[in-house]
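Since the structure comes first, as structure tokens, the remarks are kept for the end.
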Amino acid sequence: MANLLTPWVYQTRPFQIFGNLYFVGTQPASTHLIDTGDGLVIIDPGYQEYLYMVLENIRTLGFNPQDIRYLVHSHGHIDHAGATRALAELTGAKTFIGKGDRPMVVGEVPLTCDIELKTHFNHFEPDHILHDGDHIRLGNLDMECIATPGHTPGTFSFFWNITKDGRTVRAGMMGGAGMNTLASAYIHKYHLEAENWRGMMQRSIPRCRQEHVDLFVGNHAGQNDTFGKQKRLEAGDTNAFVQPDDWTRFLDGLQRRLDDVIANDPI
Ligand SMILES: [Zn+2]
């Protein structure tokens with residue numbers, strides 16, 4: 001039976017999304033690679049138990065994991081940052097995470113997720129703390145980092161240009177869309193300040209709307225139909241991922257889900 005401790009069930013084929021952006025695994029959380037021309041950037045290393053597949057995927061695409069220089073996190077939960085310590089130790093890459101999620105990745109507060117799933121989290125001290133409006137620059141990459149708290153206090157969203165054959169598109173990732181951390185049961189379990197988290201999400205959604213995004217990058221495959229688009233891409237649709245309506249449609253859905261939580265799940 002499939003569960004998170006049988007990672008091979010969630011193996012995925014790596015592929016080039018657009019230009020220098022690649023999908024390198026896995027399910028249920030997504031790991032992306034950007035080839036900056038001056039080293040590799042990983043967004044969300046994923047679960048520690050899944051790292052062997054991510055490394056194999058990176059090699060399959062013709063890259064050397066030792067060329068990874070930056071590990072950037074959408075937020076500090078175990079499905080995004082569980083592999084970070086191991087990958088940083090392996091490659092010497094520097095880690096970036098939002099200020100609000102530092103306490104969870106260094107172990108000062110509980111991870112507030114997935115503890116019952118028994119995957120491993122090795123704590124790490126981030127090399128760089130992200131603040132709203134920061135830019136991560138390396139090679140051809142200039143990534144704008146926007147604080148969009150709600151799913152966690154330190155959730156960040158990322159926006160950057162990708163140029164391919166003289167054509168530039170704007171890529172964007174919303175760093176934390178899960179309503180699981182805003183549910184009343186969750187809030188009571190972890191003694192969170194509920195109104196704050198729901199209120200933060202309420203502000204983060206319109207903040208994301210201010211950004212123009214041509215290529216919506218999901219940190220979970222379901223957000224942007226990663227695998228459906230992979231099929232279309234491999235069938236010859238080179239613009240499968242460049243869908244300017246995706247971003248607002250996703251944010252509309254997110255707002256509806258938040259409204260539903262607030263209306264139907266009082267604290
Ligand atoms: Zn999360």
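Read-outs: derived from the displayed coordinates by stated rules, not from any lab. Keep in mind the model is a prediction, meaning the values are calculated, not measured. Ideal geometry is used to build each Cβ from the backbone, glycine not excepted, and the neighbour counts take in all protein chains shown.
Filter the range 164-184 down to residues that are within 16 Å of the ligand (Cβ to nearest atom) and either more than 15 Å from residue 251 (Cβ to Cβ) or without any contact (Cβ under 8 Å) to a residue 60 or more places away in the chain (or both), then give me how many there are.
First, the residues of the range 164-184 that are within 16 Å of the ligand (Cβ to nearest atom): 173-183.
Narrowing further to those that are either more than 15 Å from residue 251 (Cβ to Cβ) or without any contact (Cβ under 8 Å) to a residue 60 or more places away in the chain (or both): 178, 180-183.
So the count comes out to 5.
Taking residue 141 as the residue in question, decide whether it is within 16 Å of the ligand (Cβ to nearest atom) and either in contact (Cβ under 8 Å) with a residue 40 or more places away in the chain or of a type in the set (A, V, I, L, M, F, W, C) (or both).
Values: within 16 Å of the ligand (Cβ to nearest atom): no; either in contact (Cβ under 8 Å) with a residue 40 or more places away in the chain or of a type in the set (A, V, I, L, M, F, W, C) (or both): yes.
Taking the combined requirement at face value, the residue does not satisfy it.
Please go through the range 234-254 and pick out each residue that is over 21 Å from residue 175 (Cα atoms) and surrounded by fewer than 18 Cβ atoms within 10 Å (Cβ to Cβ). Give the derivation first.
Going through the range 234-254, the residues over 21 Å from residue 175 (Cα atoms) turn out to be 234-240.
Correct list: 234, 235, 236, 237, 238, 239.
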Residue in the range 66-83 that is closer than 24 Å to residue 229 by Cβ and more than 16 Å from the ligand (Cβ to nearest atom) present: no
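May I ask you to say which residue of 227, 241 is closer than 21 Å to residue 31 by Cβ, of a type in the set (Phe, Trp, Tyr) and not in a helix (DSSP H, G or I)? Don't jump to the end; show me each part of the working.
Details: 227 fails: not in a helix (DSSP H, G or I).
The conditions single out 241.
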Options 5, 40, 51, 33: the member that is buried (at least 20 other Cβ atoms within 10 Å of the Cβ), touching a residue at least 12 places away in the same chain (Cβ under 8 Å) and out of contact with any strand residue (DSSP E or B) (no Cβ under 7 Å at 6 or more places or on another chain): 51
Whichever residue in the range 175-211 is closer than 27 Å to residue 45 by Cα and not in a helix (DSSP H, G or I) and, among such residues, is nearest to the chain's Cα centre (by Cα): 175
Selected residue (criterion: surrounded by the fewest Cβ atoms within 10 Å (Cβ to Cβ)) from residues of the range 185-217 that are of a type in the set (D, E, K, R) and within 16 Å of the ligand (Cβ to nearest atom): 189
